[in-house]
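Novice: This is the structure I have questions about; it appears just below.
The values are calculated or read from the model by the stated rules, or taken from the named source; none is laboratory data. A quick note: this is a predicted structure, and the numbers were derived from the prediction, not measured. Quick reminder, even Gly has a Cβ in these numbers, built from the backbone with ideal geometry, and neighbours come from all protein chains shown. Ligands, DNA and RNA are excluded from the accessible area calculation, which covers all protein heavy atoms including side chains. Shrake-Rupley method; radii C 1.70, N 1.55, O 1.52, S 1.80 Å.
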Amino acid sequence: MDSHGRMPALVRLGTRASALARWQTEHIAGLLLAAWPGLATAVEIIHTQGDRDLDTPLPLIGGKGVFTAELEEALRRGAIDLAVHSLKDLPIEASAPLLIGAVPARAPASDVLVSRYGYTLDTLPPGAVVGTSSIRRGAQLLHRYPRLILADLRGNVDTRVRKALDPDGPFDAIILAQAGLERLGRRDVITQVLPLEVMMPAPGQGALAVQCRDDDMVLALLAPIDDPVTRATVTAERTFLQGLGGGCAVPVAAYATMEGELLHVRGRVTALNGSQQVDVAVVGPVRTAEALGRDLAALAAAQGAGKLLVEGAQRQPDTWHHAAPVQ
């Protein structure tokens, strides 16, 4: 609805084809219908490069933008009115003239372990194979558990779970986002919710982003579903990542929480092989979310994070996928 009280008759939401992406988009549609009972919505399926190429490690095909570029292009040309993303997949670089019009309340941000043998990280034997497509997850895992072997794992959530539970499969365990499994009703396969001390999430993990064109009517339509607390926490996290110049190809993690009027922001940068790790934290008023993210990035850089990121950028992005256990 705009300043004249007008509301669009139909809102077209663009989504990837996976079951999780469809769930997330239907969730956003449901929030909009609850806020605007007279609204009509339609879902448009858009296939992205990341969905088509399931064999190549993500950093080798362009990083996280491979899950969003086609959606953004459809939005720019007016084929859809809104694009629904997992916020952690949305590149930190501005996609002008597009905006993040709403960030609804966040789901759990943690990562989890899925193992057909019921393993936790502490009970995985030396040389166990852990599947993940995330450099951030792999680097943090090697930092705490250097005797594990990492193997690349691509595909949607259902495909990854099926591979993890296959008795003849190559994985002793895999790591996934808790939010995705819970949204698909697969909480039953979770072996362990990983503590933040061991596995800090990607900036924005567990949150959804509703992207739109810079249009007053659409922004007014989205206003009721935007959650200020989630918006503040993910802004701090993504500003930390931006301040370090990072993206999908570097092991940067962050997590922020609100306590009263204060925002507590934690950040982490890990060497690709897990040999070094920089942990930093700041606290400040919620209204200073961006400044806190920048301060956190400066603090991490002062403690050597820049050197880790430069070394990581100079190495082959799939190096850690073939890591051997420490003897």
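Novice: Hey, any hits in the range 29-37 for a residue that's open to solvent by less than 30 Å² (accessible area, probe 1.4 Å) and closer than 22 Å to ASP89 by Cβ? So that I can check it myself, show each step before the final result.
Specialist: At the first step, the residues of the range 29-37 found to be open to solvent by less than 30 Å² (accessible area, probe 1.4 Å) are 29, 32.
From what is left, the residues that are closer than 22 Å to ASP89 by Cβ are 29, 32.
Within the range 29-37, one or more residues are open to solvent by less than 30 Å² (accessible area, probe 1.4 Å) and closer than 22 Å to ASP89 by Cβ.
Novice: Then there's this: Does at least one position in the range 198-206 carry a residue that is touching a strand residue (DSSP E or B) at 6+ places or on another chain (Cβ under 9 Å) and over 27 Å from VAL252 (Cα atoms)?
Specialist: no
Novice: Name the pairs: first residue in the range 11-29 and over 15 Å from GLY101 (Cα atoms), second residue among the β-branched types (Val, Ile, Thr) and assigned to a helix (DSSP H, G or I), Cβ to Cβ under 8 Å, at least 6 apart or on different chains?
Specialist: THR15/THR25; SER18/VAL157; ALA19/VAL157; LEU20/VAL157
Novice: Can you tell me how many residues within the range 170-190 are touching a residue at least 12 places away in the same chain (Cβ under 8 Å), in a loop (DSSP other than H, G, I, E, B), farther than 13 Å from LEU153 by Cα and open to solvent by 40 Å² or more (accessible area, probe 1.4 Å)?
Specialist: In the first step, residues of the range 170-190 are kept if they are touching a residue at least 12 places away in the same chain (Cβ under 8 Å); the result is 170-184, 186, 189-190.
The next check asks that each one be in a loop (DSSP other than H, G, I, E, B); those that pass are 170-172, 184, 186, 190.
Now narrow it down to the ones that are farther than 13 Å from LEU153 by Cα: 184, 186, 190.
Then keep just the ones that are open to solvent by 40 Å² or more (accessible area, probe 1.4 Å); that gives 184, 186.
Going through the range 170-190 one residue at a time, the tally reaches 2.
Novice: What residue, of VAL229, VAL218, VAL198, VAL265, is within 20 Å of the chain's Cα centre (by Cα), closer than 30 Å to GLY30 by Cα and among the aliphatic types (A, V, I, L, M)? I'd like the intermediate steps shown before the answer.
Specialist: Working: VAL218 fails: within 20 Å of the chain's Cα centre (by Cα); VAL198 fails: closer than 30 Å to GLY30 by Cα; VAL265 fails: closer than 30 Å to GLY30 by Cα.
Among VAL229, VAL218, VAL198, VAL265, only VAL229 is within 20 Å of the chain's Cα centre (by Cα), closer than 30 Å to GLY30 by Cα and among the aliphatic types (A, V, I, L, M).
Novice: Specify the residue that is farthest from GLY155 (Cα to Cα); the eligible residues are those in the range 207-227 that are in contact (Cβ under 8 Å) with a residue 24 or more places away in the chain, part of a loop (DSSP other than H, G, I, E, B) and open to solvent by 10 Å² or more (accessible area, probe 1.4 Å).
Specialist: ASP214
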